[in-house]
C-alpha cells in the first residue's frame, strides 16, 4: 500500500493534498452553521422579462454612426421604390430588405451611381452631393454594414471586390477629389491672438458676455488636452478636482486643476470607458506675460460665477453649457451641453473676423498638439494613450502634418529653422485682416443673374400669378415652398460666391505684394495697416476685462502676480454676470464724441419719457432717409451693420402681413419683400 504522502502513478505532487481535502468531512457544528446561512438567503428566481432579441443591434453606438447608417438605409429604400415603379419590375424590389438579400454586385453599383443623381434629402432639403472620394467610400462602408445586418452574413470577397472596382469607376466618372483634407495645425502662438479677437471684437455679438468666456476657455482646453470636440462639450463639474499641490521646489502651494474627459470616441463599455479615460492636470504657471491664455484664471472665474464650489447639485451641470432665449428671456441652461453646431458657427464667425482663410476646426487642435507630442518628450505609447488611438498608424495617416519645410536644410546639412517651420505650416500663414467678409453690390448682382436663381424666381412668379387669378387657398403652402426655395438658392449661391472671393483674395494680394517688392516699394506690414473697419464702442465691463487680461506685469514679486490674477478673475466674473447682456442692436450712427461723466451715465440708465421719444424719433428719421438702414422698420431694432438688419428681417418678419411703419396691409410675403426693397431700402 502506497503512503499518502507519495504521489501515485500519473499524479502530480499536489494531487495527494487534493485527495486529503476531499476526504475531509465537515463537523456537525459546521453543517448547522451552513444550513443556517442557507436558510437566511435564497437564490433569486429567473423572473426577468428582458429578451436579448429586443436589444437593438446598434445599442450603445454613436448617434452620428446611427445617423449616417440610417441615411444609407433610407436611400436604399428610395432606390427600391424607384425600381419597383419601373415596368416589368422584379418582385424583389417591393421589399427593401428582401431586395438586399438578393442583390447582385450590379444592383449595388447601380445604387451607388443612383445616389449621385439625388438632389433632395430629408424634409426636401437640398443635398450637397459628393465632392470627395472619401465620402463615397464612407457611404459604402455603412451600406456594407447594413448588408451584414440584414443578411446575417458578411459580404463575400468576390462581391466586395466587384463593387470596389465599380467605385473606382464612379470616382473617375464624376471627377471626385481623391486628396485627403489638409491637416493644418494650430499652435499657442496662433490661438493667443485668436482669443484676443474673441474678447475685443464687436463685430460678433452675443446675448451674454458669458458666451465669450466659454469660447475662450474651450480654445484653451482644446489645445492643452488634445481632446475631441465631443469630449470637451460633455465635460461636467463633477469631472473637475481643484487642489493645492505642495511645491517640491519650495515656496507656496501651487493651485492644481485635475479633470477627466469621460466622453470619448468609440464603442466602449462602461468599464472600458472608465479605465480608458485620461486625467489631465493643469498646474498654475506663475509669471505668464499674458492672462488671455491662462486656463486657471478662466476656470476659477467660471467656477465662482456658477457657485460650483461645495455645491453637489452642480455636479451634473456642464462646463460648456447651452445659452438660448426662452420666452424672450436669455437663460443659461447648465443641465444641457452646448451643441456642436453652435460651437462650429461661433468658431467660423471669429475665424473670419480674425482674417483666416478657412474656418477654425476643433480637430486642428489635435494636429498641432499631436505634432508636438510626436517630436518631444512622449513615447508612441503615451501619445496614443493621450490621443485615444489604437496604434500609431492612425496618427501617421490622419494627424501628422504633411507639409515639409526643412528638407532643403537637411539636404544641405544645415540646422532646421523650427520657428520658421511652425510659422509656415500653421494657420496664421493665411491670416489677413483685409480679407472681405461680405459681398459688395456688384458681386451680389452677379449672384442675382445666376441662371439657377432666375429659374427659381420664375417658378415662384408663375405660381404667384396663378394664385392671383384663381385665389385658390390650396396654392398658399406651395407658394411658401417656392419662396423658401428662392431664399435657400440665393443664400447658397451667395455663400459659394463669398467663398470664391475670399480664396481669390489671397492670390490677388500675393501678386500685389510681389510686384511691390520687385519694384522696390514698401510692402505694407500687417501692423502698419490702418484697418478700415469701424471701431465699435465696447461696454465698460468688456473694456475692464480686456485691460485686466492684457496688462503686463509691473512687478516680479509673487504677491503682485497673485494680485494681477485675482483682478483678472474678478473681471471675468463681472463680464460673465447675468446682468451683462451685450447690446446686439447697438446703433452704428450713435455720436461718440466724448465719454460722459458718471452722473450723466447713471441718469441714462433710467431715461425719461422724452429721452425715449427722442431716440425713437431719431431711429424713425434714420429709417426714412438712410440708403442702407441700420434699423428694422417693423420693430425698430437696431444693428451695427446693414447685413445684420437683413438677417434679422429674414428670420423675424418674413411672415408678417402688414408694414408697421407705413400701416399698410400686404397680401403675401413676396409683396412684403418688394415693399421693403422699394420703400425702406431693405433687400431680402
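The values are calculated or read from the model by the stated rules, or taken from the named source; none is laboratory data. Here the structure is a predicted model, which is why all the values come from computation and not from measurement. Using ideal geometry, Cβ is built from the backbone for each residue, glycine included, and neighbour counts are taken over all protein chains shown.
In this structure, residue 499 does satisfy being over 25 Å from residue 673 (Cβ atoms), assigned to a helix (DSSP H, G or I) and at pLDDT 85 or above.
All of 128, 122 fail the test of being in contact (Cβ under 8 Å) with a residue 40 or more places away in the chain and within 31 Å of the chain's Cα centre (by Cα), apart from 122.
Every residue, every condition in (1) within 19 Å of residue 174 (Cα to Cα); (2) exposed (fewer than 13 other Cβ atoms within 10 Å of the Cβ); (3) within 23 Å of the chain's Cα centre (by Cα), yes or no:
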| position | (1), (2), (3) |
| --- | --- |
| 64 | no, yes, yes |
| 76 | no, no, no |
| 109 | yes, no, no |
| 147 | no, no, no |
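Residue-level analysis places residue 72 outside the set of residues that are at pLDDT below 90, in a helix (DSSP H, G or I), in the same structural domain as residue 147 (by TED's automatic domain parsing) and surrounded by 13 or more Cβ atoms within 10 Å (Cβ to Cβ).
Name the helices (runs of 4 or more DSSP H) wholly within region 157-264 that hold at least 1 residues that are more than 28 Å from the chain's Cα centre (by Cα)? Correct list: 157-173.
Considering only residues that are more than 9 Å from the chain's Cα centre (by Cα) and either buried (at least 19 other Cβ atoms within 10 Å of the Cβ) or not in a helix (DSSP H, G or I) (or both), which ones fall in region 339-352? 350, 351, 352, listed by residue number. Does region 371-395 hold any residues that are part of a helix (DSSP H, G or I), at pLDDT below 75 and surrounded by fewer than 11 Cβ atoms within 10 Å (Cβ to Cβ), and which are they? Residue satisfying the conditions is 375 alone. Of the helices (runs of 4 or more DSSP H) entirely within region 583-684, those holding at least 2 residues that are closer than 30 Å to residue 456 by Cα and modelled with pLDDT under 85 occupy 642-652, 669-679. Of all residues in region 117-151, which are out of contact with any helix residue (DSSP H, G or I) (no Cβ under 8 Å at 6 or more places or on another chain), at pLDDT 90 or above and part of a loop (DSSP other than H, G, I, E, B)? If the condition is that a residue be out of contact with any helix residue (DSSP H, G or I) (no Cβ under 8 Å at 6 or more places or on another chain), at pLDDT 90 or above and part of a loop (DSSP other than H, G, I, E, B), then 117, 131 are the ones that fit.
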